[in-house]
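Student: Please find one structure pasted underneath; my questions will follow.
The values are calculated or read from the model by the stated rules, or taken from the named source; none is laboratory data. Since this is a predicted model, take the numbers as computed values, not measurements. Neighbour counts are summed over all protein chains in view; Cβ atoms, including those assigned to glycine, are modelled from backbone coordinates with ideal geometry.
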């Protein structure tokens, strides 16, 4: 996937505008907001306080990932197709991070065991 205008539109979206959709998706499938936070913390290194600050200050997705305390070293183990694109072939590093989170949320919503989602 090449960087382009569509990617820029995604990067400018605030994390706070995407987050409620993640919550709705996982809760609709019987999972919890706490489980969602667990995968966000695992992937990005944000603490609960840090995550709340991100939500309160309306940072965009680009800043959300740029300011992440640390991306998990096993994030590259997240593979598969999300939104019609194979994650492993996405060239843009920021879009790859966005899709990593999308994929983890999908796996949570589909009932996958937390140990597998967290690549243990």
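Student: Can you pull out the residues in region 72-86 that are touching a helix residue (DSSP H, G or I) at 6+ places or on another chain (Cβ under 6 Å) and assigned to a strand (DSSP E or B)?
Tutor: Correct list: 82 only.
Conditions (1) in contact with a strand residue (DSSP E or B) (Cβ under 9 Å, 6 or more places away or on another chain); (2) without any contact (Cβ under 8 Å) to a residue 60 or more places away in the chain; (3) loosely packed, with under 15 Cβ neighbours inside 10 Å; (4) assigned to a helix (DSSP H, G or I), marked per residue:
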residue	(1), (2), (3), (4)
22	no, no, no, yes
25	no, no, no, yes
46	no, yes, no, no
49	no, yes, yes, yes
52	no, yes, yes, yes
64	yes, yes, no, yes
70	no, yes, yes, no
94	no, no, no, yes
112	no, yes, yes, no
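Student: Another one. With the checklist (1) touching a strand residue (DSSP E or B) at 6+ places or on another chain (Cβ under 9 Å); (2) at pLDDT below 95 in hand, flag the one item residue 15 doesn't pass.
Tutor: Of (1) touching a strand residue (DSSP E or B) at 6+ places or on another chain (Cβ under 9 Å); (2) at pLDDT below 95, only one is false for residue 15: (2).
Student: A further question on this structure: All but one of (1) within 14 Å of the chain's Cα centre (by Cα); (2) closer than 21 Å to residue 11 by Cβ hold for residue 41; which doesn't?
Tutor: (2)
Student: Take residue 99 and tell me if it is assigned to a helix (DSSP H, G or I), touching a strand residue (DSSP E or B) at 6+ places or on another chain (Cβ under 9 Å) and without any contact (Cβ under 8 Å) to a residue 60 or more places away in the chain. Full working, then the answer.
Tutor: Details: assigned to a helix (DSSP H, G or I): yes; touching a strand residue (DSSP E or B) at 6+ places or on another chain (Cβ under 9 Å): yes; without any contact (Cβ under 8 Å) to a residue 60 or more places away in the chain: yes.
Yes; evaluated as a whole, the condition is true for this residue.
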